[in-house]
Amino acid sequence: MARRVAFVNNKGGVGKSTTTVRLAEGLAKEGKRVLVVDMDPQGNASSMLGWFYDSERPQPTISQAIKADTEGAARSVVQPIGWEAPYAERIALAPAILTLENRMAEAGVDGAWRRLDTALEGVDDSFDYTLLDCPPSVFHLTQLALAAAHDVVIVTEADIYAVEAAERMRDFVTVRARRNLANPTLELRGVVINALTTTAVQAEQRDSIRRIFGDLVWDPTIKHRTTLAEAGTDALPLTSPRAAEPRASYELLTATFLVGRHAAQAMLAPGTPGAIV
Ligand SMILES: Nc1ncnc2c1ncn2[C@@H]1O[C@H](COP(=O)(O)OP(=O)(O)OP(=O)(O)O)[C@@H](O)[C@H]1O
Ligand SMILES: [Mg+2]
């Protein structure tokens, strides 16, 4: 069975989808098979991966699989992504569109929070990792992901509100989700600091994230880079020569994901792109 990792923060726009997609890319480059499950009705991870909904020939989405509430229902919604890259065939997608909002109506239904876990049953056995991109909320859609996940990664910016939200997420994961979603072994696997700029305020917030989360903070931090935002909105893999720096950063972040923070640190020679700040 794939190791399932949910990317969360109830603050919006901090880089959850970007991190999910770029780690999926990094893992695929390392030869891993990755299933991305888009749990956000905004469908940003789906479009960043080059998948687009065709209303003339509607493709199935994760909403239908959750609604079905049957074991393995997600099998029929797993699709190829739209990237042209040698490693793209190792990434598959369970996409989302706005209809995923309809699943919110089931939030009060007995046991509804188990439905994604049920839908994924057996479906991700042939993958190494399943990455779950969560919406900016801790409500039902995120809870479906947390009930199905083994690990959680909190994505945050070095901004006071994002840091406060990250702390709330940690408490939510380590106390409430473990207990209320019957997932007592759910692990907080890491904290990604995204979109770091060079201002003093950001440096202060970055340091306070390191104080709060200690060794859970993954290296390298991801810098604010227009080329990264552009690759996302253009639905492209991070292959252009202009994206060399964010590409190098995500390769290192992938190493951290795979082998742990310290091993990746050791790979960072001074002056390399993406070096730790
Ligand atoms: N390191 C970065 N440098 C520059 N732009 C970035 C960076 N990370 C993310 N962005 C941009 O910021 C915006 C928000 O990123 P993203 O969609 O990944 O955040 P999110 O947390 O998933 O948002 P939401 O809460 O809406 O799901 C996007 O336009 C994305 O391209
Ligand atoms: Mg998102």
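The values are calculated or read from the model by the stated rules, or taken from the named source; none is laboratory data. What you see is a predicted model; the values in this text were computed from it and never measured. When we count neighbours, we look across all protein chains shown, and the Cβ atoms used for this are built from the backbone with ideal geometry, even at glycine. For the accessible areas, the whole protein counts, side chains as well, though only heavy atoms, and no ligand, DNA or RNA atoms are used. Shrake-Rupley method; radii C 1.70, N 1.55, O 1.52, S 1.80 Å.
Using θ = phi - 60° in the Karplus curve 6.51 cos²θ - 1.76 cosθ + 1.60, the 3J(HN,Hα) couplings for the stretch 93-99 round to 9, 9, x, 10, 10, 4, 4 Hz; x is entered for Gly and Pro. Around the amide H of GLU157, modelled in the peptide plane, lie the amide H atoms of ASN194, all under 5 Å away and 5 or more residues distant in sequence or on another chain. Each semi-axis of the equivalent ellipsoid for the stretch 3-266 is √(5λ) with λ an eigenvalue of the Cα gyration tensor; in descending order they amount to 27, 22, 16 Å.
Rounded to the nearest 500, the helix-only mean residue ellipticity at 222 nm of the chain stands at -10000 deg cm²/dmol, with each DSSP H run of n ≥ 4 adding -39,500 (n - 2.57). Here the stretch 232-248 and the stretch 94-147 have alpha carbon centers that stand 29 Å from each other. Scanning residues 5 or more positions from GLY190 or on other chains, those with amide H under 5 Å from its amide H are VAL152, ILE154, with H placed 1.01 Å from N in the peptide plane. Computed 3J(HN,Hα) for the stretch 69-77, one whole-Hz value per residue from the Karplus formula 6.51 cos²θ - 1.76 cosθ + 1.60 where θ = phi - 60°, is 6, 10, 4, x, 4, 6, 4, 7, 10, glycine and proline marked x. Surface exposure of the chain, expressed per residue as accessible area with a 1.4 Å probe, stands at 42 Å². Check the straight Cα-Cα distances from LYS67 and name the aspartates and glutamates below 19 Å, setting aside those fewer than 8 residues away within the same chain. Reachable aspartates and glutamates: ASP38, ASP40, GLU101, GLU106, ASP110, ASP117, GLU121, ASP124, ASP133. LYS11 contributes about 60 Å² of solvent-accessible surface, heavy atoms of the protein only, 1.4 Å probe.
A DSSP coil position with no more than 10 other Cβ atoms inside 10 Å describes the following GluC sites (Glu not before Pro) in the stretch 83-174: GLU84. Rolling a 1.4 Å probe over the protein heavy atoms leaves TYR161 with an accessible area of roughly 150 Å². Looking at the stretch 3-266 alone, DSSP beta bridges between its own residues are antiparallel in about 5 percent of cases. Remark: the stretch 246-255, residue by residue, has Karplus-estimated 3J(HN,Hα) of x, 4, 4, 4, 6, 5, 5, 5, 5, 4 Hz, where x stands for each Gly or Pro and the curve is 6.51 cos²θ - 1.76 cosθ + 1.60 at θ = phi - 60°. Dividing the mean sequence gap of close Cα pairs (under 8 Å, 6+ apart) by how many residues the chain holds gives a relative contact order of 24 percent.
Here the Gaussian network model covers the chain, with springs between Cα atoms less than 10 Å apart; of TRP113, TRP83, TRP218, TRP83 fluctuates the most.
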